[in-house]
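Only one structure is covered here, and it is reproduced in the block below.
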Amino acid sequence: AQSVTQLGSHVSVSEGALVLLRCNYSSSVPPYLFWYVQYPNQGLQLLLKYTTGATLVKGINGFEAEFKKSETSFHLTKPSAHMSDAAEYFCAVSDRGNFNKFYFGSGTKLNVKP
Amino acid sequence: DTEVTQTPKHLVMGMTNKKSLKCEQHMGHRAMYWYKQKAKKPPELMFVYSYEKLSINESVPSRFSPECPNSSLLNLHLHALQPEDSALYLCASSQITSGSHEQYFGPGTRLTVT
């Protein structure tokens, strides 16, 4: 089974600073990769995904992520944090052979300081 | 339209009650999912339906009974629940096609078992 690691359960940045949320997966075969955001008492919203092709993917709200096969990573970045980015972020992967089953990381809570 | 709707938003039930959670999508997705999410944790997969047939049951106790009456609707029937079943229950849907199978989540039903 897949294993997804999100380093840092809590990340705090100042408004306007770079956001970097880390995600590493375990499989030797590159999976499908996703980032979701969850605001309090809401469902998960898809930020971006990587399936194939260009390794730098752009998502909504100014977020982007880069797939690095050699590092088995899919870190999420945003150049300038906004107060509205404060939320819980989940990295998820699915295997290419059983793609309907998602494996979620434990989540990273992003705090944005004024 | 990328909306998944869930009713009710909140539900309080006793341990002897029978209740149902409902989920609906009109995106033409042929895969639908139930997840359970405890506070400060990632979603845990419970069931997956593909083409209205149950394809994955993650060893969920029989007091949870899923049903997929048609391609747009997904129900979760609840009976004789325990207080530890209190959680946010999330429904999601996706296309079946590999590479386009990102999951879209509903806002969830907050369940409290007393």
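Points worth noting:
- For chain B, the list of Cys residues with no other Cys C-beta under 4.7 Å reads B:68.
- Shape call, the range B:1-78: gyration tensor on alpha carbons, a/c limit 1.5: rounded
- Stokes-Einstein D for the protein assembly as shown, Kirkwood Rh over Cα pairs, 25 °C, 0.890 mPa s (µm²/s): 135 µm²/s
- Cα gyration tensor category, rounded, prolate or oblate, for chain A with a/c compared to 1.5: prolate
- Gyration tensor (alpha-carbon) shape descriptor, the range A:40-100, a/c threshold 1.5: oblate
- Association of chains A and B removes close to 1800 square angstrom of accessible area from solvent, both sides included, for a probe radius of 1.4 Å.
- Accessible surface, 1.4 Å probe, highest first, among residues B:16, B:114: B:16, B:114
- Chain B, accessible area per residue, ligands and nucleic acids excluded (1.4 Å, Å²): 47 Å²
- Within the accessible area of chain A (1.4 Å probe), percent carbon and sulfur: 52 percent
- Candidates A:81, A:17, A:92: whichever shows maximal mean-square fluctuation once chain A is modelled as a Gaussian network with Cα springs under 10 Å: A:17
- Mean per-residue shielding of peptide A:42-55 is 4, counting Cβ atoms of other chains within 10 Å of each Cβ.
- Entries in A:69/A:101; A:69/B:36; A:113/B:9; A:69/A:113; A:101/B:22 that, when Cα-Cα distance is taken, lie over 23 Å: A:69/B:36; A:113/B:9; A:69/A:113
The values are calculated or read from the model by the stated rules, or taken from the named source; none is laboratory data. These numbers come from a predicted model, not from an experiment. Every residue, glycine among them, receives a Cβ derived from its backbone with ideal geometry; neighbour counts consider all protein chains shown. The accessibility values were calculated without ligands, DNA or RNA, using every heavy atom of the protein model including side chains. Shrake-Rupley method; radii C 1.70, N 1.55, O 1.52, S 1.80 Å.
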